[in-house]
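The structure appears right after this line, and notes come after that.
Where a number appears in this text, it was derived from the coordinates with a stated rule and is not lab data. From a predicted model like this one, the values you see are computed outputs, not experimental measurements. A quick note on method: Cβ atoms are made from the backbone with ideal geometry, for glycine too, and the neighbour counts reach across all protein chains shown.
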Amino acid sequence: MRVFLMRVADLLIRCLENEGVQYVFGLPGEETLDINDALRQSDIQFVSVRHEQGAAFMADAYGRLTGKAGVCLATLGPGATNLITGIADANLDRAPLVAITGQADLRRVHQDFHQYIDINSVFRPFTKWTARISSPEPVPEVVRKAFKLAEAEPPGATHIELPENVAAMPIAEGYPELPLPHTPQSSRESAIAPQELLQQAAEIIEQAQSPIILVGNGVIRARASVAVQQLAETLNVPVVNTFMAKGALSLQHPNSLYTIGLQARDHVACGMDGSDVVVAIGYDYVEYGPEYWNRDRVKTIIHIGATPAEVDRNYVPAVEIVGNVERIVSRLAGMVFQPKDFKRYKELQDRILHEYLLTKDDISYPIKPQKALYELRQALAPEDIAISDVGANKVWVARMFPAYRPNTVLISNGFAAMGFALPAAIAAKLVHPERNIVAVCGDGGFMMNVQELETAVRLKLAIVIIVFDDNGYGLIRWKQQNKFGAATGVDFQNPNFVALAHSFGAEGFRLERTEDFPDLLRKAMQCDRPVVIDCPIDYGENLRLTERLQDLSCPIV
């Protein structure tokens, strides 16, 4: 007599437990009945959301904050396709994510069956790897491979499809052993950069007149911030970070030259213009292409990353060192001994700081975005987390919101998907319940996943959502006005955000006077439930910023 121990769905969940999964974000469906039943009997918490896109964004943010793959679950057809935006976001934002979807009974997939589409083919362009489980035997290997690839550099999304009839299959005694989730260090992780490459890089830096360090999100993933700081201090050179690398070097550090990423020429781009050697560490083209900072292709580039440099005519490294980023940078810092003259960058630093402080005492209403972000920074501790949605608010958060520690300012800037911030804030609070978590949204982005406010209320998560309210798609209006002198198709009417928050069971406030904002923030952060702050915003500052940048003069070139 054969003894049946479990279903394939049970084995799948055993494999997730083996990977250390804490949460599965998703929606239950008919084709995932057995998976959800197996989760019911697991210590893994199933976080039921209100739209699959929100589940994928939550898994995305979880992966980015922890370095371990976040997991999302959906049924077949429309449930699976609703995951796509969040999956693509994780893939281009380099966040590890494993998506699991149900599928119809394999005996029917040759037909035009109800809700059936070839999800593996649909997901292939958005993931690093996708696979269908067609029988019980490969389940442990498929799951281990999905997590291994998702977490390997550069991290991204993988996908597993489990048809409903396979999920329900019984497994007899003697099912395959679960592969260990933590394999020995790969050669890439343990490799030491060749001495000759490090020596070449050190010589180039020593001979440079104005070297600069360009830091990407790969530094945060590699936990190499301390090594980068050591290199910057040894050389006494400026450090510029991309949007997704905010906090890799504290903005309070004297060598920080702040954030680069605007397509328009900004103060920080001016600093890049004045450099002759760029030490690019953990840099990723997906955020900010080299054509913006090396148009004339005259800069000498040193590439340090976990993966080789992308092929690009504006990015041809003189030295390319691939391996463990933290170790490489630490070794390089011990090989360069000639500090540079930072004084030429001081005026540029002062200009950036002046702009940051320019509106701190401004009480005009509606509130200016710079003022709102200044007050938010004062209200948050260094370890608290601010999450930006995508839109005009993202430009202001990237430029004007200081980050003091890695992974304390999250910005989607690879895929740059609107609707990211609220679901990401939910995941961030689950990962860091002891910290204040604030989502900064435009009204357009907030309304794209507003339904997840119910998820936050149900989970009793004390997060704060600040909605920059201008009744329109502010970033597109800004670009249209710059290009055509007029805007079209960007205006809409908002609901009463305070009443909307109350209808979900959250708290809601509306900013009526700019001078009340600090007190309103403190009040919101003391609440024991989600809070929405309706914040009428003066996006006239967008065009004023354009005018200032057009008149920008660079003091160092």
**Asked** Taking a label point 7 Å from the Cα of Q263 along the Cα→Cβ vector, which residues of segment 450-489 have an amide N closer than 13 Å to it?
**Response** 475-484
**Prompt:** For the chain, with the dipole built from +1 on Lys and Arg beta-carbon atoms and -1 on Asp and Glu ones, taken about the Cα centre, which of Q200, I437, P155 lies farthest toward the positive end?
**Reply:** Q200
**Total charge dipole magnitude, segment 1-123, about the Cα centre, Cβ charges on Lys, Arg, Asp, Glu only, Debye to nearest 20** = 200
**Request:** For the chain, restrict the atom set to alpha-carbon positions and state the Rg and Dmax in Å.
**Result:** 24.5, 84
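In segment 404-494, which trypsin sites (Lys or Arg not before Pro) fall in coil by DSSP and have 15 or fewer other Cβ atoms within 10 Å? Show your work: numbers first, answer last.
Values: sites: K429, R435, R458, K460, R477, K479, K483; in loops: R435, K460.
Of the trypsin sites (Lys or Arg not before Pro), the ones in loops of segment 404-494 whose Cβ has at most 15 other Cβ atoms within 10 Å are R435, K460.
Go through segment 30-116 and name the trypsin sites (Lys or Arg not before Pro) that are in a DSSP coil and have 10 or fewer other Cβ atoms within 10 Å of their Cβ. Display every interim value, and only then the final one.
Working: sites: R40, R50, R64, K68, R94, R107, R108; in loops: R50, K68, R94.
Here no trypsin sites (Lys or Arg not before Pro) fit, given the DSSP loop and packing criteria.
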**Prompt:** Considering only the other residues whose Cβ falls under 14 Å of the Cβ of A56, what net charge follows from Lys and Arg at +1 and Asp and Glu at -1?
**Reply:** -3
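With a ≥ b ≥ c taken as the square roots of the eigenvalues of the C-alpha gyration tensor of segment 189-343, please select rounded if a/c is under 1.5 and otherwise prolate if a/b is larger than b/c or oblate if it is not?
On the way: a/c = 1.25, a/b = 1.18, b/c = 1.06.
Note, shape of segment 189-343 comes out rounded.
Shape of segment 281-349 from its Cα gyration tensor (a ≥ b ≥ c, root eigenvalues): rounded if a/c is under 1.5, otherwise prolate when a/b > b/c, or oblate?
Details: a/c = 1.92, a/b = 1.07, b/c = 1.79.
Oblate, since a/c reaches 1.5 and b/c is not below a/b.
If I take all pairs of Cα atoms in segment 343-419, what percentage of them are more than 20 Å from each other?
On the way: 1144 of 2926 pairs.
Of all Cα-Cα pairs in segment 343-419, 39 percent lie more than 20 Å apart.
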**Message:** Can you list, by residue number, the Cys in the chain that have no neighbouring cysteine C-beta under 4.7 Å?
**Reply:** C15, C72, C441, C527, C535
**Complete:** Residue separation between L5 and L353 times 0.36 nm, minus their alpha-carbon distance, gives in nm 118.9 nm
**Message:** Could you tell me the relative contact order of segment 4-183? Use alpha-carbon pairs under 8 Å, at least six residues apart, and round to a whole percent.
**Reply:** 27
**Asked** So which of K360/K523; K371/K483; K394/K483; K371/K523 end up more than 23 Å apart by C-alpha?
**Response** K371/K483
**Item:** segment 416-532 shape via C-alpha gyration tensor axes, a/c threshold 1.5
**Value:** prolate
**Item:** Derived scalar couplings ³J(HN,Hα) [segment 296-312; Karplus, 6.51 cos²θ - 1.76 cosθ + 1.60; whole Hz; x for Gly, Pro]
**Value:** 8, 6, 10, 7, 7, 10, 10, 9, 10, x, 6, 10, x, 5, 5, 7, 7
**Message:** Under the rule of at least 5 residues apart or a separate chain, name every residue whose amide H is placed under 5 Å from the amide H of V71.
**Reply:** F25, V98
**Message:** Tell me which of A318, H354, N82 sits at the most positive position along the dipole axis of the chain, charges placed on C-beta atoms (Lys, Arg +1; Asp, Glu -1).
**Reply:** A318
